[in-house]
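The values are calculated or read from the model by the stated rules, or taken from the named source; none is laboratory data. These figures come from a predicted structure and were not determined experimentally. Reconstructed Cβ throughout: ideal geometry from the backbone, glycine too, with neighbour counts over all protein chains shown.
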């Protein structure tokens with residue numbers, strides 16, 4: 001079986017088995033339930049879902065940190081359960097985690113960025129080139145000699161991204177990278193992610209519960225209780241405000257406002273994503 | 001504030017000692033300590049002193065800074081010297097009440113004092129001129145031969161450098177937990193020593209839990225970045241001996257030979 005997609009899952013099911021102190025099975029929680037999805041190369045994908053919807057567990061499958069209970073996961077044509085591909089998969093699909101402090105290993109920014117290439121056995125000279133180019137790509141080059149402890153959350157998260165880029169991945173999976181950041185740090189991180197997608201053509205999979213970050217995605221998956229409940233372009237997803245609210249997910253404020261205006265009788269289409277769009281629609285009505 | 005904590009006591013200057021390979025500095029420090037126990041007469045101590053002065057001059061670290069470290073061992077120094085002074089049997093010089101100072105005691109006390117002071121100064125020059133990171137790297141490289149007898153050298157040095165990286169983070173966390181508990185009425189400051197020690201227990205529990213959680217996260221992040229132990233790993237900043245390192249080794253060798261010849265054989 002050969003797959004052309006960057007990432008694809010086939011009836012993926014994952015169960016956490018809870019055990020008591022003697023090791024007897026106490027109960028089984030199904031975190032992911034029969035999920036099949038495809039991510040094409042070069043796409044910007046967003047995965048939405050409230051806490052416990054299985055989105056982080058799903059992300060860890062893309063990087064071969066967790067393995068399916070049933071079904072299979074393919075990364076660039078490689079089955080994650082095939083041990084001989086393990087390190088290739090982890091190199092091709094980089095991962096950014098939520099807490100910036102817990103994923104920075106180096107005591108100096110440049111050393112941390114060099115950690116991945118060091119593990120891959122890249123020659124010293126090339127490590128330096130890769131470190132320089134990846135720090136420049138996220139706009140952190142002037143901080144290369146600093147200790148990570150002196151950086152803000154958003155800066156630390158950008159260093160983490162540089163650390164992943166230095167491994168030359170084809171795909172970056174970001175597991176709620178902005179959850180612990182302030183609004184400015186959040187903007188910087190998302191901007192860096194979008195630039196990588198636009199300029200370098202790296203596939204981005206962004207897991208988040210901030211709706212505003214989803215607007216730019218090519219495709220959105222909405223997860224609930226381990227299932228993929230909805231999928232489509234942001235516009236398609238946000239046209240279904242009622243369904244999203246059923247899944248306990250908010251929508252961007254502008255979308256919500258447009259939705260409420262439409263409900264109270266104005267001729268505004270569903271799926272307004274930006275303020276400019278809403279202004280244009282309102283102008284049309286009141287001309 | 002806690003973020004600015006400097007581990008060890010690294011002092012940044014632009015000196016030749018700072019630029020030396022950490023392996024050279026570790027070996028030199030060990031050799032210097034050994035030399036202090038080789039020499040047995042005062043000419044030997046003068047040579048050691050000259051060697052120390054040369055190191056201090058070359059390192060460009062202010063002398064005041066070096067002797068700051070001496071404060072912490074002042075008590076130890078005093079106790080050692082006093083015990084040697086009063087409790088060595090031999091020819092009595094002065095007798096005050098029941099305490100006798102003997103000739104042998106006096107010499108031994110001075111000798112001990114000099115040895116201790118030199119020992120501390122010599123090793124603080126190493127820690128003052130080498131970053132903890134560099135020291136770990138140097139130790140890893142030096143202990144490399146131990147790999148043959150299955151000592152996990154790479155793992156030990158990785159643990160050391162991760163510990164160094166997380167100490168400030170955990171300190172900050174301790175501070176946070178402490179403040180959270182003070183806000184809810186915990187008292188860390190008053191009462192007897194026992195009472196204060198007991199008050200720290202509820203602080204340690206959440207700290208340990210959080211440390212384990214961090215360890216788990218970090219392990220996953222390292223695996224995600226292809227970490228698989230020391231095999232097949234390249235170095236971003238490999239340690240390579242330069243000309244100056246060989247010169248330093250030569251100087252140290254000369255010093256040791258001089259110590260043996262003058263301190264043991266000639267006199």
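Of the residues contained in segment B:189-198, none is found to be out of contact with any strand residue (DSSP E or B) (no Cβ under 7 Å at 6 or more places or on another chain), without any contact (Cβ under 8 Å) to a residue 60 or more places away in the chain and surrounded by 15 or more Cβ atoms within 10 Å (Cβ to Cβ).
For segment B:253-267, the set of residues classified as under 20 Å from residue B:42 (Cα atoms) and either in contact (Cβ under 8 Å) with a residue 12 or more places away in the chain or touching a helix residue (DSSP H, G or I) at 6+ places or on another chain (Cβ under 9 Å) (or both) consists of B:255, B:256, B:258, B:259, B:260, B:262, B:263, B:264, B:266, B:267, listed by residue number.
Residue by residue, here is whether (1) surrounded by 17 or more Cβ atoms within 10 Å (Cβ to Cβ); (2) free of Cβ contacts under 8 Å to residues at least 24 places away in the same chain holds:
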| residue | (1), (2) |
| --- | --- |
| B:11 | yes, no |
| B:29 | yes, no |
| B:46 | no, yes |
| B:73 | no, no |
| B:87 | no, yes |
| B:90 | no, yes |
| B:100 | yes, yes |
| B:105 | yes, yes |
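Annotation for segment A:67-80: no member residue is at the interface with another protein chain (Cβ under 8 Å from one of its Cβ atoms), touching a residue at least 12 places away in the same chain (Cβ under 8 Å) and in contact with a helix residue (DSSP H, G or I) (Cβ under 8 Å, 6 or more places away or on another chain). Restricting attention to segment A:98-112 and to residues that are in contact (Cβ under 8 Å) with a residue 12 or more places away in the chain and facing chain B (nearest Cβ under 7 Å), the residue that is nearest to the chain's Cα centre (by Cα) turns out to be A:99.
Failed condition for residue B:138, given (1) loosely packed, with under 13 Cβ neighbours inside 10 Å; (2) part of a helix (DSSP H, G or I), with all others met? The single condition residue B:138 does not satisfy is (1). Set side by side, the residues A:121, A:114, A:94 differ, and just one is more than 30 Å from residue A:10 (Cβ to Cβ) and buried (at least 24 other Cβ atoms within 10 Å of the Cβ), which is A:114. Restricting attention to segment A:113-147 and to residues that are at the interface with another protein chain (Cβ under 8 Å from one of its Cβ atoms) and in contact (Cβ under 8 Å) with a residue 40 or more places away in the chain, the residue that is farthest from residue B:161 (Cα to Cα) turns out to be A:120. Each residue in segment A:28-54 was checked for being at positive phi and surrounded by fewer than 16 Cβ atoms within 10 Å (Cβ to Cβ), and 2 of them qualify. Screening A:166, A:195 for residues that are within 12 Å of chain B (Cβ to nearest Cβ) and either out of contact with any strand residue (DSSP E or B) (no Cβ under 9 Å at 6 or more places or on another chain) or modelled with pLDDT of 90 or more (or both) leaves exactly one candidate, A:166. Taking the criterion of being farther than 17 Å from residue A:172 by Cβ and touching a helix residue (DSSP H, G or I) at 6+ places or on another chain (Cβ under 6 Å), the residues of segment A:100-130 that qualify are A:101, A:102, A:105, A:106, A:107, A:109, A:110, A:114, A:127. With the structure loaded, tell me whether residue A:24 is surrounded by fewer than 18 Cβ atoms within 10 Å (Cβ to Cβ) and within 15 Å of residue A:175 (Cβ to Cβ) or whether it fails that test. Taking the combined requirement at face value, the residue does not satisfy it. Summed over segment A:83-93, residues that are more than 7 Å from every other protein chain (Cβ to nearest Cβ) and touching a helix residue (DSSP H, G or I) at 6+ places or on another chain (Cβ under 9 Å) total 2.
The set of residues from segment B:201-219 being closer than 26 Å to residue B:147 by Cα, touching a helix residue (DSSP H, G or I) at 6+ places or on another chain (Cβ under 9 Å) and without any contact (Cβ under 8 Å) to a residue 40 or more places away in the chain comprises just one member, B:215.
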